[in-house]
1. Determine which single condition Glu87 fails, assuming it passes every other condition in (1) touching a residue at least 40 places away in the same chain (Cβ under 8 Å); (2) under 16 Å from Ala46 (Cα atoms).
2. So in the stretch 53-72, with the set limited to residues that are closer than 16 Å to Gly143 by Cβ and not β-branched (Val, Ile, Thr), which one is surrounded by the most Cβ atoms within 10 Å (Cβ to Cβ)?
3. How do the pairs read when you match residues in the stretch 159-185 that are modelled with pLDDT of 95 or more with residues anywhere that are of a type in the set (S, T, N, Q) and not in a loop (DSSP other than H, G, I, E, B), using Cβ under 7 Å and keeping only pairs 6 or more apart or on different chains?
4. State yes or no: is Ala113 touching a residue at least 12 places away in the same chain (Cβ under 8 Å) and either surrounded by fewer than 20 Cβ atoms within 10 Å (Cβ to Cβ) or part of a loop (DSSP other than H, G, I, E, B) (or both)?
5. In the list Lys33, Lys60, which residue meets the criterion of being at pLDDT below 95, of a type outside the set (A, V, I, L, M), over 17 Å from the mean Cα position of the chain (by Cα) and over 23 Å from Ile161 (Cα atoms)?
Amino acid sequence: MQVKAGAGLALALVLAQCAPQKPPDPARPPMTKVETILHATEQQLASGQAKITYLGPQTKPIPTVVLHAQDRDVSMEDFTEVQPTPEPYPNDPLPTTVVFAVTPAELHRMLLAVEPVVTATDAGGDAFLAFTVVRRERSRVTGAEWAVGPDAAPAFYRALIGALDPANAGGRAALTRQATHVGAS
């Protein structure tokens, strides 16, 4: 369910987007992409979740979309474990974040479907979308984050939506709505 943000929240977001981005924390080890998360088994993905955050300029908030395995609670803190900086992105903590559940099989199909898009050498382009995937194993979070540039964004959304179960209308609607908002539909 999407909640409309008030004018004050929109202004705060615009100001946050205009603020200079913090450089990566030198005390934090550099992020390494764990491509194996893209090939995690359905069983491993029972503790998985993924997040798509719009990083581009905006005049109003573009909600982050979070999808999670049905039996897993969403933990936004887990995403910061694999992001380049330990702080959430400006859109992530907003009350407009859209969350939907997927089966581990759906999540597995989605990751395999987007692999050619997110691992392409030119997929990042200018930072446009951050696609973050994590899973929890015992008390350890593993995962990776990929930049998806504006040129790759339409293929990215098509792959994600195409891998969803036909009955997952909520997931299709959430991804389609975000793709439309970011101009990638």
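The values are calculated or read from the model by the stated rules, or taken from the named source; none is laboratory data. Values in this document were obtained by computation on a predicted structure and should not be read as measured data. No Cβ is skipped: glycine too gets one built from the backbone with ideal geometry, and neighbour counts run over all protein chains shown.
1. Glu87 satisfies all of (1) touching a residue at least 40 places away in the same chain (Cβ under 8 Å); (2) under 16 Å from Ala46 (Cα atoms) except (2).
2. Leu67
3. Ile161/Thr176
4. On the way: touching a residue at least 12 places away in the same chain (Cβ under 8 Å): yes; either surrounded by fewer than 20 Cβ atoms within 10 Å (Cβ to Cβ) or part of a loop (DSSP other than H, G, I, E, B) (or both): yes.
In short, yes.
5. Criteria check complete, one pass: Lys60.
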